[in-house]
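Before any comments, here is the structure.
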Amino acid sequence: MSFPYEFKEVKPEELKLLKNVYKVPYRFGRLGPSGTIVTAAYMKDAANIYNMPLRPTDVFVASYQRSGTTWTQELVWLLANDLDYTTAANVPLVHRYPFIDIFMSIDTEQVDEIVKCICDSSMNAEKIRQYVNIMGQPVTGMVAAMPASKPRFIKTHVPMSLLNPKLLDTAKMVYVARDPRDVAVSCFHHAKLFKLMQFPGGFKEFWNLFHRDLYLFCPIFAHVKEAWEQRNNPNMLFLFYEELSKDLPASIRRVADFLGKSLNQEQMDRLCDHLSIESFKKNKSINFEEMKELGLLAKDESFIRKGKAGGWRDYFDEEMTQQAEQWIADNLRDTDLRYPSVNK
Ligand code: A3P
């Protein structure tokens, strides 16, 4: 099966910095036209992801991580499934959406090392071994075997250049983007939440890696721009986290139109309530309960967190604020992509 890109190891000095984030000794490399950071394990399924056979009923929810993917997934799924709250409550989101690139976070040849890195004496190492082993298995085979009678909902964080180049000729994609400063803060907490990462430092140290494109799926701007370029394709719906945050009903209507669905005021009110950050915090179907029970999540962090647009201001000092402004200006110079402004 053809795959046009080669995995290139990151430079030794970059690897040294990346190791600050990841406790597990991953082999990081860059892949594709934008030099996206992936692990070596990604190559196990890179060609299958790139050549994935598609169906007209497929709906991809894609993003750079921590941009509002979960929010968008639940919204898309509920609209596409005629507001079936019962199934949404009973079937965890992770089972409703195969996540085609998650396997790369576990190198199955390193399972012993991983288990040693993340387990303390209070944890069930054998159960964790089984869990991470399953997590490290590619899912494109399973996705291909899903019944043709039902639409498939697929989650991904890989940029469009690593997906099937003809994806939008057949399938639909909802892409969600977010102010990269808020993404950086959210990724920082994410790196603290997951025991697989356990980032040891403070936000400034994290920021120094992130804005140098040293984090999984970076560079973020290339990721977003690849999708932005497709925003007028009828099979692409490009959303901003900030728009969902500012006017959720308007975003819901856009998604509904895109999926050919409609909803009345009562249905709209219920959906807005269901999708509120307060409801999401309590929603067991989207909160990685299984990982929590296994002890794989830090107790003082949570997957659904503040849910605020513009919260980065509480984390950035003057130096970081200026660096960020410059970083954003440099990266938006060659595009008409602009992140919606957020009131202070
Ligand atoms: P914060 O960490 O800034 O709170 P993803 O799903 O792509 O991993 O994105 C996670 C981010 O989306 C987190 O941001 C999370 O709190 C936020 N989020 C999730 N559900 C949300 C909701 N219902 N309303 C607002 N923000 C939400």
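Any read-out appearing in this document is the output of simple, stated calculations on the displayed coordinates, not a laboratory observation. Small disclaimer: the values here were computed from a predicted structure and weren't measured. For neighbour counting, all protein chains shown are included, and Cβ atoms are generated from backbone atoms with ideal geometry for every residue, glycine included.
At-a-glance table
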item	result
Dipole of the chain [Lys/Arg +1, Asp/Glu -1 at C-beta], most positive-end residue of 17, 147, 177	147
Percent RCO, i.e. relative contact order, over the stretch 1-152, from Cα pairs under 8 Å lying at least 6 residues apart	25
Efficiency of FRET between residue 205 and residue 301 - r from beta-carbon atoms, R0 25 angstrom, step 0.05	0.90
For the stretch 194-234, diffusion coefficient by Stokes-Einstein and Kirkwood Rh (Cα), 20 °C, 1.002 mPa s, µm²/s	176
Mean residue ellipticity (222 nm) of the chain, computed from DSSP H runs ≥ 4 via -39,500 (n - 2.57), nearest 500	-11500 deg cm²/dmol
Restricting the stretch 213-290 to trypsin sites (Lys or Arg not before Pro) in coil, as DSSP defines it, with at most 13 other Cβ within 10 Å	231, 284
Positive-end residue, the chain charge dipole about Cα centroid, Cβ charges, pick of 286, 33, 228	286
